[in-house]
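See below for the structure under consideration.
The values are calculated or read from the model by the stated rules, or taken from the named source; none is laboratory data. Keep in mind that what you see is a predicted model, and the values were worked out from it rather than measured. No Cβ is skipped: glycine too gets one built from the backbone with ideal geometry, and neighbour counts run over all protein chains shown.
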Amino acid sequence: MNRYHYRNDDSLRPDLIYTQTMTTHQIVSTAKKIFFYVFELVLWMVVSKLYLNFGKKWIIPSVSAMWIMGAVTTFLIKDEREGTIRETKWSILGYLAFLFLYRIVIQLVAPISSEQMGAALNITIPAVSGMAASGMLQNILLIVSVMTPIGFLIWCAQKYKNYYGKYTKQEAFKRIKGTRENPRRF
Amino acid sequence: MLESIKSFLHTFSVYHINAFYSIAYFLKNNYFFIIVLIAIGYMVFEELRVDNYNYTNDERRII
């Protein structure tokens, strides 16, 4: 086989060399991604410890369910894995951040009595409404902490419905072929 | 000779049974957490894989 050599074209057409080494940008972005998950895991542990029995009985199982559902959906629906992963990690982080911050908010707001609030607003607020307000704060916490994981699980479940529930092209062809190849016998 | 072999086998079995028992005990007690860790690890793996697919090295150009 003849090989044609052109003179002085080394600088013009350098040989392509593919390497397996990672660039600094790749290493940094990989480390960031792994660190994000480690941070989330640590935050999950901290929040579930802060919430004592509620954390043990609800936050740990619900966040576990979110992780597992996200991973299973990623595995089964490969077409949408990027979006599923992004949504899973950010919704869990949002949920945990809400629980972490809302605890501080309740601690700050709950001790304010209705007399103090009435003085601030220059109106008369009955004492019962102060209790109702702190009860409402607790209810908001309960509703958000229960409904966020359930909403996420429903969001994952609708992906299955959209992806597997429809009539695929292969199935349509199979059906048409089947009709053609198995004619009615008289 | 036989005694020393016997004692060696005894020590060997005790150590190994103890080790396997402790591993099994750990897995039994933490199986749920291990499943969750596997799920998280799988998601990290997939994310990095997608990132790697999408990655293009700008330094590597064909003239």
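So which residues in region A:88-103 are more than 11 Å from chain B (Cβ to nearest Cβ) and surrounded by 17 or more Cβ atoms within 10 Å (Cβ to Cβ)?
Of region A:88-103, the ones more than 11 Å from chain B (Cβ to nearest Cβ) are A:90-91, A:93-103.
Within region A:88-103, A:Ser91, A:Tyr95, A:Leu96, A:Leu99 qualify.
What residue, of A:Met69, A:Met45, is under 15 Å from B:Phe33 (Cα atoms) and in contact with a Phe, Trp or Tyr (Cβ under 8 Å, 6 or more places away or on another chain)? I'd like the intermediate steps shown before the answer.
Values: A:Met45 fails: in contact with a Phe, Trp or Tyr (Cβ under 8 Å, 6 or more places away or on another chain).
Within the list A:Met69, A:Met45, the selection yields A:Met69.
Note on region A:25-54: among residues that are modelled with pLDDT of 85 or more, under 24 Å from A:Ile85 (Cα atoms) and not hydrophobic (A, V, I, L, M, F, W, C), the one that is surrounded by the fewest Cβ atoms within 10 Å (Cβ to Cβ) is A:Lys32.
Among the residues of region A:95-115, is there at least one that is basic (Lys, Arg) and in contact with a Leu (Cβ under 7 Å, 6 or more places away or on another chain)?
Yes: region A:95-115 contains one or more residues that are basic (Lys, Arg) and in contact with a Leu (Cβ under 7 Å, 6 or more places away or on another chain).
Any residue in region A:124-133 that is surrounded by 14 or more Cβ atoms within 10 Å (Cβ to Cβ) and in a helix (DSSP H, G or I)? Yes: one or more hits. Only residues that are free of Cβ contacts under 8 Å to residues at least 24 places away in the same chain and more than 9 Å from chain B (Cβ to nearest Cβ) were counted in region A:20-51, giving 15. Residues in region B:22-55 that are small (Gly, Ala, Ser) and within 20 Å of A:Lys89 (Cβ to Cβ): B:Ala39, B:Gly41.
When restricted to residues that are in a helix (DSSP H, G or I) and exposed (fewer than 10 other Cβ atoms within 10 Å of the Cβ), region B:1-30 contains 5.
Using the structure shown, decide if A:Thr74 is touching a Lys or Arg at 6+ places or on another chain (Cβ under 6 Å), at negative phi and at the interface with chain B (Cβ under 9 Å from one of its Cβ atoms). So that I can check it myself, show each step before the final result.
On the way: touching a Lys or Arg at 6+ places or on another chain (Cβ under 6 Å): yes; at negative phi: yes; at the interface with chain B (Cβ under 9 Å from one of its Cβ atoms): yes.
Yes: the conditions hold for A:Thr74.
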